[in-house]
1. Any idea what diffusion coefficient chain A gets from Stokes-Einstein, in µm²/s, Kirkwood Rh on alpha carbon pairs, 20 °C, 1.002 mPa s?
2. If you consider only alpha-carbon coordinates, what radius of gyration and Dmax does the stretch B:24-124 have, in Å?
3. With springs only between Cα atoms under 10 Å apart, run a GNM on chain A and tell me which of A:Ser249, A:Ser159, A:Ser72 wobbles the most.
4. On average, how many beta carbons from a partner chain sit within 10 Å of the beta carbon of a residue in B:106-116?
5. Jot down the per residue volume, in cubic angstrom and as a whole number, of the convex hull over the alpha-carbon atoms of the stretch A:67-123.
6. Given the options A:Ala75, A:Gln255, A:Gly119, identify the residue whose Cα lies farthest towards the positive end of the charge dipole of chain A (+1 on Cβ of Lys, Arg; -1 on Cβ of Asp, Glu).
7. Using the Cα atoms as the points, what is the convex hull volume per residue of the stretch B:60-111 in Å³?
8. If Rh is defined by the Kirkwood formula over all Cα pairs and Rg also comes from Cα, what ratio Rg/Rh do you get for the stretch A:119-268?
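Taken together, the values in this text are just the output of simple stated rules run on the coordinates, not laboratory data. Just so it is clear, the model here is predicted, and its values are computed rather than measured. Please note: Cβ atoms are built from the backbone with ideal geometry, for glycine as well, and neighbour counts cover all protein chains shown.
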Amino acid sequence: MERTRRATVSALVALVTVSMAAGLSAQTDDEMEKTLPFLGGWDSDVSSPDGQDRGNCGGHLGDYGEDLVNCSIPASRLPLNSRAQAWLAYRDQLQSTTQADCAQIGFPAILSEPFFISGRPGRLLMEHPSNPWHISRTVWMNGTGPQPLPGELFQHGISRGHFDGDDLVIVSDHFTFDPDGMDDHLRMATSVRKKITERYSLIDDEHLRLIITLEDPTFLTRPYTWAFVFAKTGDAGPRQRWVNCDAESARREQQFAYPGDKYPDGRQ
Amino acid sequence: MKQHFLTASIVVLAGLAFPATAHHSFNVFFDMSRTIEIEGVVTSFRLVNPHAEMLVDVPDAEGNPVTWRITARTGPAEARREGWVPEDFVGQQVTVEGNPTRREGGTAMSAGVVTFMDDGRVVCLGGCPGGPEIR
């Protein structure tokens, strides 16, 4: 009787173990199948045909009245609130953390750049090379990964992903305040209330569309949505050859060359 | 100071399209439609990101050295691939041709063409034919 009970329990344990393993395997296979078309390198269609101006800065002007150029975010219809307008009026080029202090460019500005996705069960690694930085982030899939507490903040936030049908959707929040967080060329900040939703949809085997929605009630009157199209570049790239930034040299670049003198006592 | 404003004509930018990764807008800092030339002695050449940086002492009207900062339009990895070695530049008398800063009285330019005075060797620091990849 006792022997029979032990055998039954052992069989049940074995059955449950096999079932769990099969379930995990099926989940991983399904996850891999969905993820595979997105893996590898992607290059954006964003270019600057006249040498600099992507035409995205929407007529915004710099400290000495120069046209701001080379924005990453289409700025012409950005729903900036009065606080954001005040921020733009206050900011100056020499304060740019990304351009004068070698701070890494943030999201969403980096999302116009080429990127590379590699996958593993429960997570994606997204690499965003952009001179002189190479930003890597983990996208925690389907509820995996750390769950930060309210107030636990990171420059690039925390990114969590899932599939909505065949679309890869990534939602990022828990960002720190970032002086160049909306766009480093517009010099527009983002607050800790920033939330970014990225929706990646395959157009065909070689192209995908990225639809970005930015929310930040501190600076925007409503969520703002825009899109980019990317072309597949394969497994080779994009990659960054040498990742470093010399802050002293970067600051000299601004101090020597920038024509604006908005805060004469603060040129350093 | 020997400073020739060679031309105020529009520099042909065709074929010089920046990669999408440029996050320091040259056009904001430098007047890309003008070209100037300076002559002086290279005191420093650093192959760094975001752009390789050359310092050149150019004598002013009284003969006092004025430091000009030359921003190469490329990064250190591309510079190394071009075979640039800082020691080959430092101490050399050169002319540098490039786009001047928009800052009034500023002593900076984006390069440009460097010509060594001793042997006539010419090096493109980016943005000119035969130069390295623009960053």
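1. Working: Rh = 20.7 Å.
The Stokes-Einstein estimate is 103 µm²/s.
2. 12.9, 39
3. In this elastic network of chain A, the residue with the biggest mean-square fluctuation among A:Ser249, A:Ser159, A:Ser72 is A:Ser249.
4. Numbers: counts 5, 2, 7, 2, 2, 0, 0, 0, 0, 0, 0.
Partner Cβ neighbours, averaged per residue: 2.
5. On the way: hull volume 8.6 nm³, N = 57.
Dividing the Cα hull volume of the stretch A:67-123 by its residue count gives 151 Å³.
6. The Cα lying farthest towards the positive end belongs to A:Gly119.
7. Values: hull volume 5.2 nm³, N = 52.
Convex hull volume per residue, Cα atoms: 99 Å³.
8. Numbers: Rg = 18.0 Å, Rh = 17.9 Å.
Rg/Rh for the stretch A:119-268 comes to 1.01.
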